[in-house]
Amino acid sequence: LQRAVQRQVAMVVLKPEYLARPEVVQEFKERERIKASVTHPRIAPLFEAGVENGWHFYTREMPPGRSLEVLQVEGKHLGERALAEVLYGIADALNYATGRGYHHRSLGARDIYIDGENHSSIVNIIRPPASAPRDQKSDIRALLAMFRPVAGEGKARGLLQSLASEEHDWASLLQEL
């Protein structure tokens with residue numbers, strides 16, 4: 001809880017064993033800087049970063065809704081329209097990020113949030129540049145596979161199959177949706 005404004009946040013803390021390694025502390029601070037530079041309504045923003053009592057930390061927004069991971073465990077199913085809306089939101093966020101040269105880590109089911117109106121958002125997975133760019137087509141195949149357990153019967157599953165049959169990047173997936 002961010003007490004000053006009574007807001008729920010996610011807090012990321014650098015493990016104490018890394019404090020003696022300046023290069024790791026510097027990488028942590030670089031991640032903070034890059035995450036703070038991202039401004040998209042579907043990517044959870046970084047709120048605050050700092051050092052308190054020797055602990056390096058940053059806080060970020062808790063996206064609205066429940067994670068895809070929770071929905072999978074609950075056995076929730078999305079119809080075709082809901083599934084398309086959710087995937088559109090994710091594609092929109094990652095198309096924005098990659099189109100502006102941002103790099104990101106793999107997207108997991110715990111990183112995707114879906115609210116009651118099927119609006120999706122993701123946690124801030126933006127990272128400093130890696131030695132090799134991510135393979136967007138592989139990332140999209142992995143994303144579509146993550147949604148198989150929550151895709152309802154019929155048209156929703158057909159939508160996933162149709163999208164998976166093409167070799168999409170984020171821009172073309174967004175266009176298709």
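Worth a mention:
- Residues considered: R60, R42, R7. Of these, the only one that is modelled with pLDDT under 95, within 13 Å of the chain's Cα centre (by Cα) and basic (K, R) is R60.
- None of E167, E69, E117 is part of a loop (DSSP other than H, G, I, E, B), among the charged types (D, E, K, R) and either within 30 Å of R33 (Cβ to Cβ) or without any contact (Cβ under 8 Å) to a residue 12 or more places away in the chain (or both) except E117.
- Screening A130 against (1) within 20 Å of E80 (Cβ to Cβ); (2) part of a loop (DSSP other than H, G, I, E, B); (3) free of Cβ contacts under 8 Å to residues at least 40 places away in the same chain leaves a single unmet condition, (1).
- Qualifying residue in the stretch 101-112 (condition: farther than 18 Å from K35 by Cα and more than 18 Å from the chain's Cα centre (by Cα)): no
- Residues in the stretch 66-86 that are within 15 Å of L177 (Cα to Cα) and among the aliphatic types (A, V, I, L, M): A82, L83, A84, V86.
Yes or no, residue by residue, for (1) more than 24 Å from Y113 (Cα to Cα); (2) of a type outside the set (G, A, S); (3) open to solvent by 90 Å² or more (accessible area, probe 1.4 Å); (4) assigned to a strand (DSSP E or B):
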| position | (1), (2), (3), (4) |
| --- | --- |
| A4 | yes, no, yes, no |
| V25 | yes, yes, no, no |
| E32 | no, yes, no, no |
| K35 | no, yes, no, no |
| P41 | no, yes, yes, no |
| Y58 | no, yes, no, yes |
| V73 | no, yes, yes, no |
| A82 | no, no, no, no |
| E85 | no, yes, no, no |
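- Qualifying positions in the stretch 88-112 - at pLDDT below 95 and either open to solvent by 50 Å² or more (accessible area, probe 1.4 Å) or assigned to a loop (DSSP other than H, G, I, E, B) (or both): G99, R100, G101, Y102, H103, R105, S106
The values are calculated or read from the model by the stated rules, or taken from the named source; none is laboratory data. Worth saying up front: this structure is predicted, and the values here are computed from it rather than measured. Positions of Cβ are backbone-derived with ideal geometry, glycine not excepted, and every protein chain shown enters the neighbour counts. Protein only, heavy atoms only, side chains kept; ligands, DNA and RNA dropped before computing areas. Shrake-Rupley method; radii C 1.70, N 1.55, O 1.52, S 1.80 Å.
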